[in-house]
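The values are calculated or read from the model by the stated rules, or taken from the named source; none is laboratory data. Computed from a predicted model, the values in this text were never measured in an experiment. Every residue, glycine among them, receives a Cβ derived from its backbone with ideal geometry; neighbour counts consider all protein chains shown. All accessible areas refer to the heavy atoms of the entire protein, side chains included, with ligands and DNA or RNA removed. Shrake-Rupley method; radii C 1.70, N 1.55, O 1.52, S 1.80 Å.
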Amino acid sequence: MLLCCSVGLNAQYKVERLLLSGRIALHYEDYVLSIQYFNQAIAQKPYLWEPWQLRAIAKYYLDDWQGAESDASKAISLNPYVTELYDLRGMSRINQKKYTLAIEDYTSAIKNEPDNRNYWYNRAACYMESGEYDKAHEQLDTVIARWSNFAAPCLLKSETYLHQKDTVKAAEWIDKSLKIDEYNVNAWRVRANIALYRQQWADADTCFSKVLHLAPKDCNSYINRALARLRINNLRGAMSDYNIALDINPNSFLGHYNRGLLRQQVGDDNRAIEDFNYVLELEPNNIMALVNRATLLDRTGNLRAAIRDYSRVIEKFPNFITGLQHRAQCYRKLGRTAEAEKDEFRILKIQMDKHLGIQQRWSKSKLNAMRKLSDVDPEKYDQNVIEDQPVQAHEYKSEYRGKVQNRQVADGYMPYIVMTTDSKNIGMSSYVPFDDTVEEYTRQLASILGKEKAASLLPRLGFMGEGTGISTLEVVDSITSLIQHTKDPNAAVKLLLLRAVAYASAQNYEEARKDIDNILAIEPNNVLALWQNAVCGAMIAEYERGQTPIEQQMRAAGVMSDFDKVLALSGDNAFIYYCKGTFCARTGDYAKAIEFLTKAIEQNPGLPQNFYNRGLAYLHSGDIVNAKKDLSIAGEKGLYNAYSIIKSN
């Protein structure tokens with residue numbers, strides 16, 4: 001009886017450890033690795049609802065919405081009383097455009113939590129998406145009556161009226177939304193699009209400027225503001241907007257096409273040709289771009305290329321009079337009179353057919369073959385292109401939007417440097433960190449492992465937080481087997497450290513620290529173990545930010561103490577100063593972060609991550625000058641994301 005209880009407790013403990021490791025991997029956005037932990041937990045105890053929920057969350061953030069829906073459904077079948085599960089499945093269904101099923105989920109969620117305004121809002125949005133506008137208005141009226149300071153339903157009500165083609169009421173509700181929240185970028189975007197639709201160019205310019213103040217990387221808003229500025233004859237401002245839009249999204253069809261038209265208008269023909277070349281790389285059969293490029297090639301004297309483009313257009317649109325006229329002129333300039341006369345005769349015949357009412361019409365198949373982004377009439381080739389219908393991406397309200405991904409990737413600090421069993425170097429510069437102590441340890445470890453095993457198990461000095469999922473867990477199993485079979489105490493200590501490194505690489509920091517505790521009980525001054533321990537503590541401290549302020553301070557003080565122990569033994573180790581400074585930066589102590597990262601730079605000025613993280617610490621502390629200086633150096637050394645941060649700030 002006691003044996004059965006012991007086995008049951010061990011199994012429960014193992015599942016809890018797997019779930020904790022999975023949650024940590026989920027927090028650090030290593031979704032593939034977290035799924036591996038949840039898979040193991042499900043295999044151990046498939047009747048527990050929580051691992052199904054957590055795996056669904058991981059799949060959701062990997063955009064595997066079908067998989068997330070399936071796992072959430074399984075969790076609901078195991079425990080139908082957890083309201084968050086309906087929200088998760090509802091969001092997964094929304095992303096698959098299964099609005100009717102999502103309505104069912106939010107109806108269930110509202111029964112459990114009738115005072116959750118987000119559930120009411122999401123259900124109203126689903127009604128709107130499914131075309132049930134009356135129900136959407138009814139829901140939104142309820143939300144607005146109960147939560148009068150909630151701006152989102154006013155905006156959604158405006159969007160519903162836009163779907164019903166009532167721009168007057170849409171504008172009224174936009175204004176109500178902005179009275180509640182004047183910094184709502186989506187509200188300003190809708191208002192700007194309404195002004196553009198009404199051809200209120202100055203108002204559209206003002207509203208899009210407000211959008212771009214709040215969302216400076218919105219490519220479409222730059223393009224739309226450029227359209228408004230063209231109408232008020234602000235050509236310089238329009239050109240600037242197109243340039244910025246294409247810096248943000250170099251593959252923007254609208255950006256290249258409209259900038260090409262503007263360059264053509266101001267006489268910058270050669271660069272206009274470059275834009276239309278790019279458009280035709282994206283869409284080789286785009287008729288409008290072909291006509292414009294042909295015209296520009298004609299103007300710049302490249303007559304044969306112009307004839308080639310005109311001919312491709314005329315092949316699809318035999319009655320395109322402008323194209324026939326221009327091609328005939330090109331033929332005459334080249335001395336090909338017979339071909340020119342053929343085109344001129346065709347023009348005469350088309351004009352006669354128009355006069356007699358027997359003009360050839362485009363077939364339905366030809367109309368359908370054309371792109372919807374612009375008018376199908378090639379005679380309108382010189383008009384700016386705009387989206388057929390502005391797409392308003394409304395933001396559904398859910399804890400699963402950003403709860404896990406709570407860090408800005410572009411603005412995130414470079415990871416800690418410590419030993420890892422992961423051989424990848426994702427997103428980093430070409431700099432390869434080197435440390436004598438690590439090198440000596442790996443040399444001794446290689447003699448213990450042997451040549452064959454050393455090739456796959458030997459660690460390196462790398463970046464914490466780049467776990468490899470299945471392969472890392474397999475490494476842990478291999479090392480455990482070696483530890484069980486070794487009889488040499490010194491070899492056992494080195495293998496324990498290797499397993500701690502493997503656990504840390506798999507983001508299982510608690511198990512890593514257990515192995516390190518065993519090492520320090522034997523070798524209290526083991527620098528590598530202390531270093532690994534400090535970084536694992538830092539990662540756990542970041543994960544457990546939900547604690548009370550006092551607990552957070554105590555955890556942070558413990559991590560700082562661990563770093564101090566390593567530095568007391570290792571002297572001026574640049575990598576440990578870097579880790580300590582990075583921890584301070586990540587926890588918001590920018591003054592200490594700058595202090596320790598400066599020491600790291602003094603010891604090792606070749607490490608670009610030092611400059612990158614110190615630059616961000618300067619930036620967050622308000623020192624823009626030094627931030628730009630450090631980020632510029634980091635960019636020069638290969639961390640090109642630094643340039644994006646300089647530009648955006």
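Among Pro216, Phe583, Tyr416, whose Cα projects farthest towards the positive end of the dipole of the chain, with charges put on the beta-carbon of Lys, Arg (+1) and Asp, Glu (-1)?
Result: Pro216.
Can you check what the net charge comes to around Asp589, using other residues whose Cβ is under 12 Å from the Cβ of Asp589 (Lys, Arg +1; Asp, Glu -1)?
+2
Among Gln603, Gly615, Pro524, whose Cα sits farthest toward the positive end of the charge dipole of segment 508-616 (+1 at Cβ of Lys/Arg, -1 at Cβ of Asp/Glu, about the Cα centre)?
Highest projection toward the positive end goes to Gly615.
Determine one quarter of the surface area of the Cα convex hull of segment 518-577, which equals its mean projected area, and express it in nm² to one decimal.
Average projection, Cα convex hull of segment 518-577: 4.3 nm².
At a Förster distance of 30 Å, what's the computed FRET efficiency of Glu281 paired with Leu235, Cβ-Cβ distance as r, to 0.05?
For R0 = 30 Å, the calculated efficiency reads 0.70.
Once whole DSSP H runs in the chain are found, which of them have Cα atoms spread over 30 Å or more along the helix axis and a mean Kyte-Doolittle score of at least -0.5?
Correct list, ordered by number: 2-27, 549-570.
About the Cα centre of segment 274-360, how large is the charge dipole given +1 on each Lys and Arg Cβ and -1 on each Asp and Glu Cβ? Please answer in debye to the nearest 20.
340
Can you list the GluC sites (Glu not before Pro) in segment 159-268 that are in a DSSP coil and have 12 or fewer other beta carbons within 10 angstrom?
Here the GluC sites (Glu not before Pro) that fit, given the DSSP loop and packing criteria, are Glu182.
May I ask you to derive the relative contact order of the chain, considering only C-alpha pairs under 8 Å and at least 6 residues apart, and to give it as an integer percent?
In percent, rounded to a whole number, it is 8.
For Thr206, what is the net charge nearby, where nearby means another residue's Cβ is under 15 Å from its Cβ and Lys, Arg count +1, Asp, Glu -1?
+2
Where the accessible area of the chain is counted over protein heavy atoms with a 1.4 Å probe, how much of it, in %, is carbon and sulfur?
50
Could you tell me the calculated FRET efficiency between Asn518 and Lys451, based on Cβ-Cβ distance and R0 = 25 angstrom, to the nearest 0.05?
According to the calculation, E is roughly 0.35.
Can you give the charge dipole size of the chain about its Cα centre, rounded to the nearest 20 debye, using +1 on the beta carbon of Lys and Arg and -1 on the beta carbon of Asp and Glu?
Here the chain has a charge dipole of around 1860 debye.
More than 15 angstrom separation, counting every C-alpha pair in segment 588-649; what % is that?
41
Under a cut-off of 12 Å between alpha-carbon atoms, report the aspartates and glutamates in cross-link reach of Lys45, not counting same-chain residues fewer than 8 places apart.
Once the sequence-local aspartates and glutamates are set aside, what remains near Lys45 is Glu16.
Throw me the Rg/Rh for segment 104-216, computed over C-alpha atoms with Kirkwood Rh, two decimals.
Rounded to two decimals, Rg/Rh equals 1.01.
Could you give the accessible area per residue of the chain, probe 1.4 Å, as a whole number in Å²?
Computed with neighbouring chains in place, this is 48 Å² per residue.
Please give the direction-averaged projected area of the C-alpha convex hull for segment 220-270, in square nanometres with one decimal.
3.1
Please get the size of the charge dipole for segment 528-625, origin at its Cα centre, with Cβ charges of +1 on Lys and Arg and -1 on Asp and Glu, quoted in debye to the nearest 20.
Magnitude of the dipole: close to 80 debye.
Would you be so kind as to identify which of Thr486, Ile232, Ile287 lies farthest towards the positive end of the dipole of the chain, taking Lys and Arg as +1 and Asp and Glu as -1 on Cβ and the Cα centre as origin?
Selected residue: Ile287.
Just to be sure I understand: if I project the alpha-carbon convex hull of segment 466-575 onto a plane and average over all orientations, what area do I get in nm²?
Mean projected area for segment 466-575: 7.6 nm², to one decimal.
Which log10 I(q)/I(0) values does the chain give at q = 0.07, 0.08 Å⁻¹ under the Debye formula, counting every alpha carbon as one identical point scatterer?
-0.67, -0.83
Distance check, please: which entries in Lys14/Lys565; Lys565/Lys599; Lys487/Lys565; Lys14/Lys580 exceed 22 angstrom between their Cα atoms?
Exceeds cut-off: Lys14/Lys565; Lys487/Lys565; Lys14/Lys580.
Would you kindly state how much longer the chain becomes between Asn251 and Ser481 on full extension, computed as 0.36 nm times their sequence separation minus their alpha carbon distance, in nm to one decimal?
Additional length available on full extension: 77.6 nm.
Taking only the Cα atoms of segment 95-167, how large is their convex hull per residue, in Å³?
84
Given that compact globular proteins tend to follow 2.2 N^0.38 Å, what is the ratio of the alpha-carbon Rg of segment 1-154 to that value?
1.24
Under a Cβ-Cβ cut-off of 14 Å, what is the net charge of the residues other than Lys453 that fall near it, where Lys and Arg count +1 and Asp and Glu count -1?
The answer is 0.
If you consider only alpha-carbon coordinates, what radius of gyration and Dmax does segment 284-337 have, in Å?
So, for segment 284-337, Rg and Dmax equal 10.1, 30 Å respectively.
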